[in-house]
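The values are calculated or read from the model by the stated rules, or taken from the named source; none is laboratory data. Since the structure is predicted, the reported quantities are computational estimates derived from the model, not experimental observations. Quick reminder, even Gly has a Cβ in these numbers, built from the backbone with ideal geometry, and neighbours come from all protein chains shown. Ligands, DNA and RNA are excluded from the accessible area calculation, which covers all protein heavy atoms including side chains. Shrake-Rupley method; radii C 1.70, N 1.55, O 1.52, S 1.80 Å.
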Amino acid sequence: MTFLQVSDEVQSAQSAGKPVVALESTIISHGLPRPENLDFAGECEARIRDAGAVPATIAVVGGVARVGLDEEALRVIALDESTEKLSVRDLAVVMARGGHGATTVAATSALAHRAGIRVFATGGLGGVHRGAESSFDESADLTTLSHTPIAVVAAGVKSVLDIGLTLERMETLGIPVVGFQTDYFPRFWLRGSEFPLDHRVESGSDVAMLMAQHDALGLPSGILVANPVPEASQWDEASHDRLVADAFAAAEAEHIRGKDVTPFLLDFIQRESGGASLRVNLDVVRHNIDVAVEIAGAVAVGKR
Ligand code: PSU
Ligand code: MN
């Protein structure tokens, strides 16, 4: 019985030393509306192939952890309502019962690493929630990255999280955060924030070089490449600020609690923005893919 199945395409790319980019599946199943999410998943894979690399979308399908999905598996993840959101701790439980699951950044990183993949493109990282001082709500994305050597390209974290606390935790956990052609930590829909970064890189080969140094020191953590959405794509700041505030007020009024808070806020913002936040969301992922392909290319060259 195979529990971890790496697709033929991904396997041969790796043995040929071709660049491979991992993609998560929670943004497909839980982050984007059906059925356009299926088209977008296909578009992301095509974008990576067109740029000369190989995509490895990661998910659990029928109890098997798969690295590299075929069309049928992508369809299950995008459209089957029984597909659960899986963080690392959920992986084995859902696999043992033969279920379907979409992997978060944490679970995707764990499986990608297991398959020997070094670069991963996503939208936004999970982080520390507002009010975490009392709720303790911090994504396992952070703790997993502290011991999983992979470069994650993300447009920072969404402004519904506590960005300052998220950055503090990444410092504690020993996760390098580098701005990709930026000096400020991005806020997903917006390029900038009030949080300056200590380190900046200019290119994929800069990242590949720092990954090699990190490896050489035997450091166990991943690296966060904070990549802001292009200027022309970012959301209007006034609408952003207003809708984020409105979303929190609505969650308060409806007594939304615990793990329901984030889906509620994101759904509210997506609905109330009349598609504007969704459009930015898609551009965020596209741009992260482009940068991840560049990094994966440089990593592949470095291995030759
Ligand atoms: N941030 C987004 N959209 C998302 C997620 C994060 O802007 O869909 C998903 C990612 O899969 C991330 C996960 O890894 O949510 C974090 O969830 P949690 O906070 O429950 O760990
Ligand atoms: Mn949580």
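Overview of values
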read-out	value
Checking T108 against (1) open to solvent by 70 Å² or more (accessible area, probe 1.4 Å); (2) assigned to a helix (DSSP H, G or I); (3) of a type in the set (V, I, T), the condition it does not meet	(1)
Where a residue in the range 27-47 is within 19 Å of L266 (Cα to Cα) and its partner, wherever it lies, is within 16 Å of ligand 2 (Cβ to nearest atom) and open to solvent by 30 Å² or more (accessible area, probe 1.4 Å), with Cβ under 6 Å and at least six apart	H30/K85
Residue under evaluation V157, criteria (1) closer than 28 Å to R286 by Cβ; (2) surrounded by fewer than 22 Cβ atoms within 10 Å (Cβ to Cβ); (3) free of Cβ contacts under 8 Å to residues at least 60 places away in the same chain; (4) away from ligand 2 (no atom under 12 Å from the Cβ), criterion not met	(2)
For P55: the one exception among (1) within 16 Å of ligand 1 (Cβ to nearest atom); (2) more than 29 Å from D162 (Cβ to Cβ); (3) in a strand (DSSP E or B); (4) not aromatic (F, W, Y)	(1)
Residue ID - least open to solvent (accessible area, probe 1.4 Å), chosen from residues in the range 226-244 that are touching a strand residue (DSSP E or B) at 6+ places or on another chain (Cβ under 7 Å) and assigned to a helix (DSSP H, G or I)	H240
Test: residue in the range 284-304 that is more than 29 Å from R114 (Cβ to Cβ), of a type outside the set (K, R) and within 16 Å of ligand 1 (Cβ to nearest atom)	no
Residues satisfying the stated conditions in the range 111-130, i.e. buried (at least 24 other Cβ atoms within 10 Å of the Cβ), in contact with a helix residue (DSSP H, G or I) (Cβ under 7 Å, 6 or more places away or on another chain), not β-branched (V, I, T) and not in a loop (DSSP other than H, G, I, E, B)	F120, A121
Scan of the range 91-138 for residues that are farther than 30 Å from A249 by Cα and hydroxyl-bearing (S, T, Y), ordered by number	T108, S109
Selection within the range 126-146 - over 16 Å from K259 (Cα atoms) and within 12 Å of ligand 1 (Cβ to nearest atom)	L142, T143, T144, L145
Qualifying residue in the range 139-150 (condition: touching a Phe, Trp or Tyr at 6+ places or on another chain (Cβ under 6 Å) and either more than 14 Å from ligand 2 (Cβ to nearest atom) or outside any loop (DSSP other than H, G, I, E, B) (or both))	yes
Single residue of T108, T83, T104 found to be within 15 Å of ligand 1 (Cβ to nearest atom) and in contact with a His (Cβ under 7 Å, 6 or more places away or on another chain)	T83
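Let's see how each residue does on (1) within 28 Å of D137 (Cα to Cα); (2) under 20 Å from the mean Cα position of the chain (by Cα); (3) assigned to a strand (DSSP E or B):
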| position | (1), (2), (3) |
| --- | --- |
| S205 | no, no, no |
| H214 | no, no, no |
| G218 | no, no, no |
| L224 | yes, yes, yes |
| D246 | yes, no, no |
| A250 | yes, no, no |
| R271 | yes, no, no |
